[in-house]
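Working notes, structure below.
The values are calculated or read from the model by the stated rules, or taken from the named source; none is laboratory data. Bear in mind the structure is a predicted one, so any value in this text is a computation, not a measurement. Here the Cβ is made from the backbone with ideal geometry for all residues, glycine too, and neighbour counts use every protein chain on show. Keep in mind that these areas ignore ligands, DNA and RNA; they rest on the heavy atoms of the full protein, side chains included. Shrake-Rupley method; radii C 1.70, N 1.55, O 1.52, S 1.80 Å.
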Amino acid sequence: MGCHQQKKSFAVTTSHRPAKVNTDLGKHFAKNLGVPFAERNDLSLKTLADVLKVRGLVVVAANRVSYFEGGQEFFFHPGLASLRIKELKNGKTDQMIKAMSLHPGDNVLDCTLGLGSDAIVASFVTGTEGRITGLEDSCVIAALVQHGLTTYPEPEKDLALAMRRIRVINVNYKEYLAGLAPRSYDIVYFDPMFRIPRRHSPAMDTIRTLANPHPLDRETVDLALKAAARRVVMKERRGSTEFQRLGFHRIEGGRYAPVVYGVIERKSL
Ligand SMILES: C[S@@+](CC[C@H](N)C(=O)[O-])C[C@H]1O[C@@H](n2cnc3c(N)ncnc32)[C@H](O)[C@@H]1O
């Protein structure tokens with residue numbers, strides 16, 4: 001769902017008896033998102049949502065900022081990225097990094113930021129000389145993930161630095177790609193919502209109501225190919241017909257992995 005539709009359906013509030021700093025942060029979020037801020041007034045989230053006639057609420061609490069809708073909570077957490085970075089440090093292969101053929105100093109455009117896990121892992125690999133830009137169409141996801149990336153109290157220093165380096169832009173990738181000069185990024189990456197959702201994906205379940213569910217189109221892949229100096233990479237389920245439909249004829253990934261990566265190299269064009 002795009003931001004315009006989302007704005008009509010949510011508001012911002014706080015946890016019960018908030019500290020002033022959290023009320024201020026809530027007002028700041030509401031202003032930036034262009035939606036109302038509502039005092040919590042000891043109401044349950046369900047009652048407050050009913051009173052305000054909204055589907056969901058962004059809730060600023062002392063320890064995190066979350067989005068609640070229909071009993072589901074979405075909040076930023078670097079857990080998945082943290083596990084993958086540990087594996088990389090132990091010398092294991094990360095299939096996304098391999099498919100991107102990513103090196104320190106590379107510039108990556110992550111067109112589908114979501115929870116930011118792929119962007120954080122890419123940022124860890126590209127390092128201080130690299131540049132990671134994450135695009136996200138949902139204003140709620142973009143705002144919560146940007147806040148998390150910059151403020152999450154991550155004790156692992158290199159993971160924290162990888163998170164802080166990511167630039168988040170709340171925009172539709174097609175619009176952004178259309179305005180780019182040729183070869184603006186080394187790698188352009190897509191991880192759209194899968195056409196057929198994976199059964200066990202709790203991380204994705206929490207953002208499903210907010211995320212833009214539309215499939216990638218050929219025109220966007222062409223724009224990405226212009227914007228990429230080296231490759232365009234797309235993550236999808238193994239065997240997905242999306243690869244062929246969009247022109248990703250080279251597939252990389254673990255032999256038995258349920259999720260694989262389609263690659264189009266600029267050189268081969
Ligand atoms: C499967 S999630 C990405 C997960 C991400 N790779 C991660 O590691 O957390 C897809 C995300 O892309 C966003 N998205 C889908 N279409 C988009 C578009 N046209 N422009 C920008 N973002 C888009 C969705 O809103 C969703 O948050």
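Every condition in (1) in contact (Cβ under 8 Å) with a residue 12 or more places away in the chain; (2) over 26 Å from Thr93 (Cβ atoms) is met by Thr128 except one, and the failing one is (2). Entry remark, segment 116-132: residues being open to solvent by 10 Å² or more (accessible area, probe 1.4 Å) and either more than 10 Å from the ligand (Cβ to nearest atom) or aromatic (Phe, Trp, Tyr) (or both) number 7 in total. Residue by residue through segment 98-114, note down the ones that are open to solvent by 60 Å² or more (accessible area, probe 1.4 Å) and touching a residue at least 24 places away in the same chain (Cβ under 8 Å). The answer is Lys98, Pro104.
Beta carbons closer than 9 Å, at least 6 apart along the sequence or on distinct chains, pair a first residue in segment 73-97 that is assigned to a helix (DSSP H, G or I) with a second that is among the basic types (Lys, Arg) for Arg84/Lys92; Lys86/Lys92; Met96/Arg84; Met96/Lys235; Ile97/Arg84.
Against the numbered list (1) within 16 Å of the ligand (Cβ to nearest atom); (2) farther than 30 Å from Leu223 by Cβ; (3) not assigned by TED's automatic domain parsing to the domain that holds Ala228, Ile85 comes up short only at (3).
Of the residues making up segment 133-177, those that are open to solvent by 20 Å² or more (accessible area, probe 1.4 Å), near the ligand (Cβ under 8 Å from one of its atoms) and either in contact with a Phe, Trp or Tyr (Cβ under 9 Å, 6 or more places away or on another chain) or assigned to a strand (DSSP E or B) (or both) number 2.
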